[in-house]
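First comes the structure, then the notes that go with it.
Just so you know, all these numbers are worked out from the coordinates, no wet-lab data involved. A quick note: this is a predicted structure, and the numbers were derived from the prediction, not measured. Methodologically, a virtual Cβ is constructed for each residue, glycine included, from the backbone with ideal geometry; neighbour enumeration extends over all protein chains shown.
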Amino acid sequence: MRAKNIQERLEALLNTSFEKTTKNGVIPFVEHRIFTNRSIKMNRIEAVGFDMDYTLAQYNVEALDLLTMHRVLDILVRDHKYPECIRDIELHPQFAIRGLVLDTQCGNVLKMDKFRYVSLAYHGLQPLDSSERSKLYNSSQINFHSGRYKSIDTLFALLETYLLAAIIELLENGMGQTQDYPSLYQNIRNAIDLCHRDGSLKHEIKKNPQLYIQDDPLLIPALHRFKDAGKKLFVVTNSEPDYTEFVLDYLFRHASPFFKGWRDCFEIVGCAAVKPLFFKAGTQLETLETGKCLFFSGGNIDFLEDNLDVSGDHVLYIGDHIYGDILKSKRTSHWRTCIIVPELLFQIRAEKEVAPLVDQLYRNENLRKEISMRLNWRRSMVIDLQQFKLAEADELDSDLLAKMDGRIKEINRELERDHEIFSATLHESKQLRRRISENFNCFWGRLFKTGDQLSLLAEQIRDYACIYTAAVSNFNFYDPHSYFVSIANPMPHEGTLFPVEDLDFDTTMEMPEPKDQGLTPSPPTP
């Protein structure tokens, strides 16, 4: 049995491709790289910390959400007297993505750019038209401190986003039953919290961890590379002690020959941390184990740093939650930060697939701008010639008038040709946008863009995370003492004349039919 297990693990490593060969040598695929917002010299990092859920342990989001959804709908029917028909709601995992914002007062789901401009919005599963969207959100500044808006910045929060929209779609848009949106959101939120508190979800995960926790054959080697380089490793998670121990046991079940177990890997494991409170006052400390690995519950950052004997920017903390893991740890402790963005795997592959289409769209946009300038100039020339004729009519002989009329006719013919090219270019660009959009989310488009701007999620990642990557195991491709150098971010006048970033893929495109979902979103209105 042991020999068979070793053979399976070896084949998993040998059959997993993470790199490609180029004329410059073997390099990791782009989706397995680490991207830098703020330069980090890893030789200055003495301790590396990790969140557990969706960082060390990557979950099967769809399977976990399906498990949770059935329990949540049961609670809503049983405890809050929602109609039985909501039990028939099917999970459509494409609807919710990170970076969305819930308007709990109006029951809408919003996608914003970095300036907090709402470019797309859904009520239920139907998009709001541009006039209604503009009236609700773009006539005044959105106040995130009012309690009305909820940011969806964790993978755990995707389900509450979908359920809010799906229940509104079924009961209000489908059955004409007006909903109390704040109460509906809070009931969903409370039901999800109850599923986590009562242990029912964790019980199912423990029964069948292989269904819910993804195997990453390079996770343990990545941790070993840190350890072998002399870095102190620790974990800070909000999960309870017994669940933390179970998940770490599962992740390290095949850790040999790198580690005997997780206690051999980590100097400190802190659970029930109640982040982001952990980075301030914290909660009551309870020491669970001492020895080679300090295992504790509660506590705060001061206790952790005292026991690590490392603090400030000599610590790199890796997590998936922008607010709970990245923003608060960076602002209160000066820790360096890395955010895990599993969505990068899909987004980068999709971007590579549409690269030829984007290049053609880029050329079309250049041509459109050139033709637009030409049209304006030629129209101006016609007006100038006509005004000149009127102003100087008494001084112009018939030959000059005929010459001017001939030039006006020639310009009008050129205008007609330019209009035909302009219309053809616009039509082709529309088709290109549609073909590009089919490779991304059929409701919201690209994760990191909205229109021609960075999305709210992309801006938060850029502002708060020093580095970001799709998985902890990607550190395998880098020396533990690497120098991650950020790329200069030019001001607009320093960039090229017509950068690809100016292209708008979301607001003017027709959204594609969703694949295999039985659900058809209407196209967003520009």
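Of note:
- Folded to 0 to 90 degrees: helix 181-197 orientation relative to the chain principal axis, Cα: 30 degrees
- Cα-based shape type of segment 114-166, given that a ≥ b ≥ c are square roots of the gyration tensor eigenvalues and the cut on a/c is 1.5: oblate
- Taking the longest Cα principal axis of the chain as reference, the axis of helix 61-80 is set at about 80 degrees.
- Between amide H atoms placed 1.01 Å from N, distances below 5 Å from Gln58 occur with Gln214, all of them 5 or more places distant or on a separate chain.
- Derived value for segment 61-207: Kirkwood hydrodynamic radius 15.9 Å. Basis is the mean of 1/r over every pair of different alpha-carbon atoms.
- With the gyration tensor restricted to C-alpha atoms of segment 198-254, the semi-axes of the equivalent ellipsoid amount to 25, 14, 7 Å, longest first.
- Compared with the dominant principal axis of the Cα atoms in the chain, helix 241-251 is inclined by about 70°.
- Among the listed options [x] 62; [y] 56; [z] 52, the one matching percent of Cα pairs over 31 Å apart as calculated from these coordinates is [y].
- Restricting the calculation to Cα atoms, every distinct pair contributes to the Kirkwood radius of segment 125-225, found to be 17.4 Å.
- Pairs beyond 24 Å (Cα-Cα), from Lys41/Lys114; Lys114/Lys135; Lys227/Lys352: Lys41/Lys114; Lys227/Lys352
- For Lys352 and Ala488, a Förster radius of 22 Å and the Cβ-Cβ distance give a FRET efficiency of 0.40, rounded to the nearest 0.05.
- Sparsely packed loop sites in segment 52-109 (the trypsin sites (Lys or Arg not before Pro) outside DSSP H, G, I, E and B with at most 10 other Cβ atoms within 10 Å) comprise Lys81.
- Centroid-to-centroid separation of segment 253-324 and segment 435-455 [C-alpha atoms, Å]: 37 Å
- Of the peptides 141-148, 412-419, the ranking by mean beta-carbon count within 10 Å, highest at the top, reads 412-419, 141-148.
- Peptide ranges 225-231, 105-111 listed from the most packed, as the mean C-beta count within 10 angstrom indicates: 105-111, 225-231
- Highest-first arrangement of 30-41, 421-432, 240-251, where packing means the average Cβ count within 10 Å: 240-251, 30-41, 421-432
- Over the residues of the chain, the helix contribution to mean residue ellipticity at 222 nm works out to -13000 deg cm²/dmol, using -39500 (n - 2.57) for each DSSP H run of at least 4.
- Here the scattering of segment 37-136 is modelled by Debye summation over its C-alpha atoms, one equal scatterer each and no solvent; at q = 0.15, 0.24 Å⁻¹ the log10 of I(q)/I(0) is -0.90, -1.25.
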